[in-house]
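I have placed the structure first, in the form of C-alpha cells, so that the comments after it can refer back to it.
The values are calculated or read from the model by the stated rules, or taken from the named source; none is laboratory data. Remember, predicted model here, so these are calculated numbers, not experimental data. Every residue, glycine as well, gets a Cβ built from its backbone with ideal geometry; the counts of neighbours run over all protein chains shown.
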Amino acid sequence: QLGTVGFIGLGTMGREMALNLLKAGYRVCVYDVVEAAIADLVGHGAEPASSPADAGRDADIAIAMLPDTPEVEDVVYGKDGLLTSPPRGRLFVDMSTISPVASRRIHADLANVGVAAIDAPVSGGPVGAKNAALSIMAGGEADAFARAEPFFRAMGTTITHVGAAGAGQTVKLCNQLICGINIQAICEALALGRASGIDLEQLRNVLLGGSAASWMLDRLGPAMIAGDTAAGFRIDLMLKDLRLVQEQALSLSVPLPATALVTNQYVEARAHGEGTNGNQALFKVYDRMTNQ
Ligand code: NAD
C-alpha cells in the first residue's frame, strides 16, 4: 500500500482525480455532501467517510476538490471539519479554485494546529482529470510540497511549485483570465463567421491549423457550434473565478479591462439561466446579440 488519501468533493473533477489515486494504488477514503457520489466511488474500491474529519482520520494527506471558498471553509472550519480533527498525516491540499486571501488564512490557521497546507488548483478540465493529465500549480512550504508531490503525480503531468501560500491560487487566476478572454474571442470569431455564411466546422478546423489555435477552440469549439450546453466547467464557476481575478487586480491596482468586459458577458449568460451550463454556453450571448 502506497499510502492513504482522504478525498473530499467528488464532483466533475474530484471524482476522476479520486479514481486516478485508486488506480495508482492508494487507499482512498471519500466524502461528499452528496451520498450518491460517495457510493459511486465506493463501487470503484474507495472507502466511505461520514465527514471531512472522518475522511482524514487515517489519511497521510487530505485533499479537497470543492466548488468555492465557502465550501472549503466549511470543510476546514465547520463541525467535523479538518481543523477540529486534523488528518493523521498533518497535510491538507486544497485543489479547488478559491480566494487566495482565504487560502492564505486557511494555511495560517492549519499551521497553528500543526497541519501543513498546500493550495494546488488545477487546469485541464474534466478530460485532463480523467486522463491524469492536469497541470497542478502549488503554493506553500517546500517540504509540504515534496510530501504532496507523489500524490499529484497520480493526477497530473505538469506539477509546479509556484511559490508560498496562496501562490497556486494566483497562478490559477492568471490561467482563468486567459481562458475567459479566449472563450470570448472564439465566440466573436464564430459570430462573425456565421453571419458571413461561413461553415463553422470548417472555420474551426482551419483556425486549429494556424496561429489562432487554442485549447478552448479545440475542446469547447464543437459544443459551441452544435449548441450543446452541457457542463463541463460551469458558467457559475468561471464567474466565481473572474470575480476573484478582479478582486485581486483591484486590490493591487492592476487594470484588467478585457477581463472586466468578459465578466459582463458571463453575467449576462447567467442572467439568462445559463449558470449551470458549460462555458461553451457563452456563445448563447452572441446568439442573442446577433438574433440567431
Ligand atoms: P462540482 O460542483 O462538479 O464538484 C464539487 C463537489 O463538491 C460536488 O460533488 C459537491 O457535492 C461537493 N461539495 C460541495 N460542498 C461540499 C461540502 N461542504 N463538503 C463536501 N463536499 C461538498 O465542481 P468541479 O467542476 O468538480 O470543480 C471543483 C473545483 O475545481 C472548483 O473550484 C472549480 O473552479 C475547479 N476546476 C474545475 C474545472 C472543470 O472543468 N470542471 C477545471 C479546473 C478547475
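As an exercise: evaluate PRO222 against (1) more than 27 Å from LEU2 (Cβ to Cβ); (2) surrounded by 22 or more Cβ atoms within 10 Å (Cβ to Cβ) and give the number of the one condition it does not meet.
All conditions pass for PRO222, except number (2).
This table checks each residue for (1) hydrophobic (A, V, I, L, M, F, W, C); (2) touching a His at 6+ places or on another chain (Cβ under 9 Å); (3) modelled with pLDDT of 95 or more; (4) more than 16 Å from the ligand (Cβ to nearest atom).
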| position | (1), (2), (3), (4) |
| --- | --- |
| SER123 | no, no, yes, no |
| SER135 | no, no, yes, no |
| ARG147 | no, no, yes, yes |
| ALA165 | yes, yes, yes, yes |
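Take the conditions small (Gly, Ala, Ser), closer than 24 Å to ALA133 by Cα and away from the ligand (no atom under 16 Å from the Cβ) and apply them to GLY273. Does it pass?
So GLY273 does not fit the description; no.
Out of GLU141, GLU188, GLU149, report the one residue that is assigned by TED's automatic domain parsing to the domain that holds LEU244 and either on the phi < 0 side of the Ramachandran plot or aromatic (Phe, Trp, Tyr) (or both).
It is GLU188.
Taking the condition buried (at least 19 other Cβ atoms within 10 Å of the Cβ) and of a type in the set (Ser, Thr, Tyr), does THR84 pass?
no
Please find, among ALA258, ALA223, ALA230, ALA213, the residue that is in contact with a helix residue (DSSP H, G or I) (Cβ under 7 Å, 6 or more places away or on another chain) and within 16 Å of the ligand (Cβ to nearest atom).
Unique residue meeting the criteria: ALA223.
May I ask you to list pairs of residues, at least six apart or on different chains, whose Cβ atoms are under 6 Å apart, with the first in region 236-254 being under 16 Å from ASN277 (Cα atoms) and the second being not in a helix (DSSP H, G or I)?
ASP236/GLY275; LYS240/ASP68; ASP241/THR97
Does THR97 meet the test of being at pLDDT below 95 and within 16 Å of the ligand (Cβ to nearest atom)?
no
Look through ARG194, ARG105 and report the one residue that is in a helix (DSSP H, G or I), surrounded by fewer than 23 Cβ atoms within 10 Å (Cβ to Cβ), away from the ligand (no atom under 16 Å from the Cβ) and in contact (Cβ under 8 Å) with a residue 40 or more places away in the chain.
Exactly one of ARG194, ARG105 is in a helix (DSSP H, G or I), surrounded by fewer than 23 Cβ atoms within 10 Å (Cβ to Cβ), away from the ligand (no atom under 16 Å from the Cβ) and in contact (Cβ under 8 Å) with a residue 40 or more places away in the chain, namely ARG194.
Quick check on my filter: what residues within region 80-93 are over 18 Å from the mean Cα position of the chain (by Cα) and assigned to a strand (DSSP E or B)?
Selection gives LEU91 alone.
Filter region 268-292 for residues that are among the β-branched types (Val, Ile, Thr) and part of a helix (DSSP H, G or I) and give the result.
Correct list: VAL285 only.
Working only within region 166-175, note down all residues that are touching a Ser or Thr at 6+ places or on another chain (Cβ under 7 Å), in contact (Cβ under 8 Å) with a residue 60 or more places away in the chain and assigned to a helix (DSSP H, G or I).
If the condition is that a residue be touching a Ser or Thr at 6+ places or on another chain (Cβ under 7 Å), in contact (Cβ under 8 Å) with a residue 60 or more places away in the chain and assigned to a helix (DSSP H, G or I), then GLN169, LYS172 are the ones that fit.
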